[in-house]
Number of protein chains: 2
Amino acid sequence: MEKRFSLTQKDVDLMRSVFQPRQLEKGEFLFREGEIARYEAFVARGFLRRYAIDKKGKEHIVQFAPENWWVRDNKGFSDNEPSEFFTEAIEDSQLLLIDQHGHNLLIEKIQGYGPSFQLGLQKNVVAKEKRILHSLVATAEERYNDFLETYPSIVQRVPQHMLASYLGISPETLSRIRSRTQIR
Amino acid sequence: MEKRFSLTQKDVDLMRSVFQPRQLEKGEFLFREGEIARYEAFVARGFLRRYAIDKKGKEHIVQFAPENWWVRDNKGFSDNEPSEFFTEAIEDSQLLLIDQHGHNLLIEKIQGYGPSFQLGLQKNVVAKEKRILHSLVATAEERYNDFLETYPSIVQRVPQHMLASYLGISPETLSRIRSRTQIR
C-alpha cells in the first residue's frame, strides 16, 4: 500500500491491529462452499484458487490468487450470505485477513485507503466483464493468452488440469494450444 | 437517491448541473464498440442492452438495463479505453448522463453518494461473479429463472431472440423452457 499512498506510523500500527495473519498448508481451505466468508484475504506468500462444484461433481475454477492478490467473497464480506465457492491453497500460503469492521475502520481513518479500494473494485468489475465476454466470444487460445497476461507469475506453477478448468477446456486441448504457442 | 440518503436543495441543484439528459430512439446507440464510453447513464425511462459481436458476426448480450438501472462501461468511464460493447436502446429511452468529473464532484460534495456508489459496485461484482459461475455450472433453465429474478420488469418486453442471446441458448431451447416453466 505504501507504493500507492503515503502511510504514517499511526496508519501502519492501525493496519497491524486490524489484519490478522493466517497460514494455510497446500490443500487447506480458507472457506468452503456454504460457509460465510467473512474475511478478505491478502496473499503475502503462496497461491490460492477459488472454484465451484457443479451438480455432476465437476470443478470450475473462477479465480487464481498468487502473491499480492486479494481474495474476497463479496457475498460473505458485505452481505453475510454463504459462499458459492471453495477457496483453497494450491501451495503453502501466508495470508493477511481483514473483516468488514476492520475494513470500515481503515476507510474511515486512513486517507487514500478508500479511493484505492474503490479503484480496485472498478478494476475487478472490468476484469469480470472481460471474463464474461470471453466465455461468450473468445477462442480457447485467446483465453489462454489472457491467462498469461493476467497471471504471469503462476504460469509455471499452476497444475495443468487446474488451468484447463479455469479456461473451460479439456487438458488435451490445453496441451495442443501450449505446443502451438511455444512454436511461434 | 432520495430513497437511500437525504439530499439538501443544494445537493439537488448540484446534481441537476452535472447530469445531462439524453434521448435515444429505439435502435439508436449510446456507444458503439471502439468508442470511449465516457458517460455513465441512468435509465429514467425505456430499456437498453449491451452486447458484443464475435468474429462470426454473432451478437452476445451481456446486460439489459431497464428503468432505474445504471449502465457504465468501466473501461471508458475510468480508464479512457475504447469499449468492447455496443450499448443500444431497445425501446425509446430517456437517460441521464454523467462523466467521471461530475461523478468525482458528487463524491466530494454529497455525503452518502460515495458509499452508495461503492455499495453498487460491490453488488455489481457479486452479480458478475454469479453470471460467470452460472455460465460454467448452471443449466439453461436455472439461467432463465435467474433472468426472471434479476429483470422482473422486462420479462414481457424483451424480444425472444435477445433473451436467448443473453442466456446463451437457441430460441428453440428458450421456447421449450418457457412452456415447461408455465405449466408448473
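What FRET efficiency do you get for A:Gln20 and B:Ser179 if R0 is 41 Å and r is their Cβ-Cβ distance, rounded to the nearest 0.05?
Once rounded, the FRET efficiency stands at 0.15.
In debye, nearest 20, what is the charge dipole magnitude of the stretch B:1-116 about its Cα centre with +1 on Lys and Arg Cβ and -1 on Asp and Glu Cβ, if you could check?
In debye, rounded to 20, the stretch B:1-116 gives about 180.
Please list, by residue number, everything in the stretch B:1-42 whose backbone N is under 17 Å from a paramagnetic label point 7 Å out along Cα→Cβ of B:Ser116.
Answer for this model: B:1-20, B:40-42.
If I fit a long axis through the Cα atoms of helix B:171-183 and take the longest principal axis of the Cα atoms of chain B, what angle between them do I get, 0 to 90°, rounded to 10?
Relative to chain B, helix B:171-183 is tipped by roughly 90 degrees.
Fewest first, what order do B:Ile61, A:Ile36 take by the number of other Cβ atoms within 10 Å?
Ranking B:Ile61, A:Ile36 by Cβ neighbours within 10 Å, fewest first, gives A:Ile36, B:Ile61.
Normalised by the number of residues in the stretch A:1-117, what is the relative contact order in percent for Cα pairs under 8 Å and 6+ residues apart? Walk me through the intermediate numbers first.
Numbers: 233 pairs, mean separation 44.3, N = 117.
Averaging sequence separation for qualifying contacts and normalising by length gives 38 percent for the stretch A:1-117.
Please arrange B:Ser170, A:Ser78, B:Ser165 by counting, for each residue, the other beta carbons lying within 10 Å of its beta carbon, fewest first. Kindly include the intermediate steps, with their values, before the conclusion.
Numbers: B:Ser170 13, A:Ser78 18, B:Ser165 21.
So the residues, fewest neighbours to most, are B:Ser170, A:Ser78, B:Ser165.
Of A:Gly34, A:Pro66, A:Gln23, which is farthest towards the positive pole of the stretch A:1-160's charge dipole, taken about the Cα centre with +1 and -1 on the beta-carbons of Lys, Arg and Asp, Glu respectively?
The listed residue farthest towards the positive side: A:Pro66.
Kindly list the residues of the stretch A:76-118 that lie in the label zone of A:Ile36, defined by a backbone N under 20 Å from the point 7 Å along the Cα-to-C-beta vector.
A:76-87, A:97-105
By how many degrees, between 0 and 90 and to the nearest 10, does the Cα long axis of helix A:100-109 differ from the longest principal axis of chain A?
60 degrees
Which loop GluC sites (Glu not before Pro) in the stretch A:10-78, with loop taken from DSSP, have no more than 16 other Cβ atoms within 10 angstrom of their Cβ?
Answer by residue number: A:Glu25, A:Glu28, A:Glu33, A:Glu35, A:Glu67.
Ordered shortest first, which distances in nm separate the 7 Å Cα→C-beta label point of B:Asp54 from those of the other copies?
Result for B:Asp54, in nm, nearest copy first: 1.6.
Given a Förster radius of 30 Å and the C-beta distance between A:Lys56 and A:Gln156 as r, what FRET efficiency does 1/(1 + (r/R0)^6) yield to the nearest 0.05?
The value I calculate is 0.45.
Give the angle, between 0 and 90 degrees and rounded to the nearest 10, that separates the Cα long axis of helix A:9-18 from the longest principal axis of the Cα atoms of chain A.
Helix A:9-18 and the main axis of chain A meet at about 60 degrees.
Defining the label point at 7 Å along Cα→Cβ, can you sort the distances from B:Ile36 to the same site in each other copy, shortest first, in nm?
4.4
For the stretch A:142-153, what does the Karplus curve 6.51 cos²θ - 1.76 cosθ + 1.60, with θ = phi - 60°, yield as ³J(HN,Hα) per residue in whole Hz, taken in order and with x for Gly and Pro?
After applying 6.51 cos²θ - 1.76 cosθ + 1.60, I find 5, 5, 5, 5, 4, 4, 4, 5, 6, 10, x, 6 Hz.
For chain B, set up a GNM with springs between Cα atoms under 10 Å and report which of B:Pro66, B:Pro152, B:Pro21 has the largest fluctuation.
Looking only at B:Pro66, B:Pro152, B:Pro21, the biggest GNM fluctuation is shown by B:Pro152.
Using a Gaussian network model of chain B with C-alpha springs under 10 Å, which one of B:Gln111, B:Gln100, B:Gln160 is most mobile by mean-square fluctuation?
Residue with maximal mean-square fluctuation among B:Gln111, B:Gln100, B:Gln160: B:Gln111.
Using +1 on the beta carbon of Lys and Arg, -1 on that of Asp and Glu, and nothing else charged, what's the dipole of the protein assembly as shown about the Cα centre, debye to 20?
That gives the protein assembly as shown a dipole magnitude of about 520 debye.
Computed from the coordinates by the stated procedures, all read-outs in this text should not be read as laboratory data. The shown structure was predicted, so the numbers you read here are calculated from the model rather than taken from an experiment. Positions of Cβ are backbone-derived with ideal geometry, glycine not excepted, and every protein chain shown enters the neighbour counts.
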